[in-house]
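The values are calculated or read from the model by the stated rules, or taken from the named source; none is laboratory data. Computed from a predicted structure; not experimentally measured. Here the Cβ positions follow ideal geometry from the backbone for every residue, glycine too, while neighbour counts run over all protein chains shown. Side chains included, ligands, DNA and RNA excluded: accessible areas come from the protein's heavy atoms. Shrake-Rupley method; radii C 1.70, N 1.55, O 1.52, S 1.80 Å.
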Amino acid sequence: QVQLVESGGGLVQAGGSLRLSCGASGSIRRFSFMGWYRQDPGKQRELVASIGSTGITNYADSVKGRFTISRDNAKNTVSLQMNSLKPEDTGVYYCNGQIGPHSYWGQGTQVTVSS
């Protein structure tokens, strides 16, 4: 059974930083795609950042230059370094991983940025 567990959320003032981590049960090398999504109340989850098995990254325009996604195959983790945080970055952040046709989600971690 594949499990993804997020950690690192919290409350931070605007301009501050947080680092989110997503730990996977077993090797993350199985995942062809891993990403971080944000969900605001009443809205759909939107992709914030992703990283492929070859290390190619992709970012939403709103976070480019501020967020960095990385994967550590040895530790089976995917991290999201968030700098220069803004109030609009507030939301529940979910880790996602894909193995073939299957998509797996973590339970989410709350990030709140105060102005």
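Some notes on this structure:
- Between Phe33 and Ala74, the simple label model (points 7 Å from Cα in the Cβ direction) yields a spacing of 2.9 nm.
- In the context of the full set of protein chains, residues of the chain present 52 Å² of accessible surface per residue (probe radius 1.4 Å, heavy atoms only).
- For a straight C-alpha distance cut-off of 15 angstrom, the aspartates and glutamates reachable from Lys64 (same-chain residues fewer than eight places away being disregarded) are Glu46, Glu88, Asp89.
- Segment 29-47 residues near the modelled Gln110 label - backbone nitrogen below 17 Å, point 7 Å along Cα→Cβ: 38-43
- Taking every protein chain into account, the 1.4 Å probe leaves Lys64 with about 120 Å² of accessible area, to the nearest ten.
- Accessible-area order (highest first, 1.4 angstrom probe) of the listed residues Arg30, Arg66: Arg30, Arg66
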